[in-house]
1. Working only within region 263-308, note down all residues that are in a helix (DSSP H, G or I), touching a strand residue (DSSP E or B) at 6+ places or on another chain (Cβ under 8 Å) and farther than 29 Å from residue 233 by Cβ.
2. Do we find that residue 251 is assigned to a helix (DSSP H, G or I) and in contact (Cβ under 8 Å) with a residue 24 or more places away in the chain in this structure?
3. Is region 177-194 home to any residue that is closer than 15 Å to residue 239 by Cα, surrounded by 16 or more Cβ atoms within 10 Å (Cβ to Cβ) and either in the same structural domain as residue 91 (by TED's automatic domain parsing) or touching a helix residue (DSSP H, G or I) at 6+ places or on another chain (Cβ under 7 Å) (or both)?
4. Need pairs with beta-carbon distance below 9 Å; first residue without any contact (Cβ under 8 Å) to a residue 12 or more places away in the chain and within region 274-287, second loosely packed, with under 12 Cβ neighbours inside 10 Å and in a loop (DSSP other than H, G, I, E, B); sequence gap 6+ or separate chains.
């Protein structure tokens with residue numbers, strides 16, 4: 001639980017001072033301390049709130065004389081977060097970024113400031129000052145920016161990441177993309193409107209991130225905002241594979257990332273992949289297990305294996321044989337079933353006329369008649385807890401679990 005003090009304006013024009021107790025799940029409790037009509041009263045209530053938060057907390061006696069000759073507290077003229085800054089500088093050196101950036105302290109300070117507080121370039125100077133580090137002038141930052149933007153610097157940083165990760169000839173890498181939008185109306189050829197999961201219309205760019213199996217970043221690339229996500233993966237992986245002489249790379253991505261064209265291209269490049277697959281219907285191996293164990297629940301962590309030979313049409317297009325693994329998790333099933341219960345309850349209210357009809361997959365419309373799609377509900381409940389993964393590899397001799 002996190003607690004903080006806030007002030008809010010009341011309908012009478014006074015300023016209310018409150019303590020907000022919030023949890024990670026989003027629930028909050030508000031403790032009202034009082035209302036004030038001038039700055040003095042507000043500060044007094046703030047002091048009372050700080051005392052309230054500090055109740056039961058002891059003070060560490062450092063044995064320092066914190067009073068001046070007149071008995072008043074000594075004035076604080078400067079502060080410095082030495083342990084924090086030293087730890088960040090040490091990590092920066094361990095990763096080899098100091099050598100990769102040519103020992104550029106402006107670049108180092110800008111990177112570490114944004115770790116302390118993600119903010120703009122100009123505001124990073126304020127973060128450095130608050131940390132106790134003497135910042136450079138903003139004009140110095142702008143002069144250094146063209147040096148940072150060169151591909152040779154980015155490749156040097158990527159090489160340092162790969163060296164720290166200890167990648168060998170056979171490596172498992174993860175890839176995903178995100179978008180960054182810009183508050184401007186017109187595109188410029190690179191910042192362009194494109195597909196946005198947040199349904200934004202502003203120009204954006206697409207960012208591709210490559211990591212190792214533990215999630216440690218290896219490479220990052222930027223693409224045009226209107227470039228399809230599936231078209232960003234192969235250039236990043238091929239460049240990384242060529243740069244570090246990786247001979248056997250397995251790519252892990254979600255179903256939306258690897259298109260059929262990407263699967264063919266991955267196969268042509270000698271890359272294997274593990275693809276998160278959608279499950280449109282109950283897999284045969286899962287149905288067979290439930291038929292053989294009618295009164296048993298699927299054990300947590302159970303993995304079902306099903307060969308998936310390519311059809312003649314897929315083989316003609318270069319799609320290889322696959323193996324699909326279906327994993328069952330109790331926790332995943334619990335979350336999914338809870339979501340289904342909530343959606344079905346909303347669908348029932350909409351069908352009964354107690355709520356407006358909104359987008360709900362369990363509402364079945366037949367002309368003007370509305371009903372709850374019980375067949376789809378049963379299908380969704382039967383798939384709860386299952387997650388599919390497709391792998392390109394040697395076909396096993398038979399199915400099963």
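1. 284, 285, 286, 289 - these are the residues of region 263-308 that are in a helix (DSSP H, G or I), touching a strand residue (DSSP E or B) at 6+ places or on another chain (Cβ under 8 Å) and farther than 29 Å from residue 233 by Cβ.
2. Answer is no for this residue.
3. Among the residues of region 177-194, not one is closer than 15 Å to residue 239 by Cα, surrounded by 16 or more Cβ atoms within 10 Å (Cβ to Cβ) and either in the same structural domain as residue 91 (by TED's automatic domain parsing) or touching a helix residue (DSSP H, G or I) at 6+ places or on another chain (Cβ under 7 Å) (or both), which makes the answer no.
4. none
The values are calculated or read from the model by the stated rules, or taken from the named source; none is laboratory data. All values reported here derive from a predicted model rather than from experimental measurement. Using ideal geometry, Cβ is built from the backbone for each residue, glycine included, and neighbour counts are taken over all protein chains shown.
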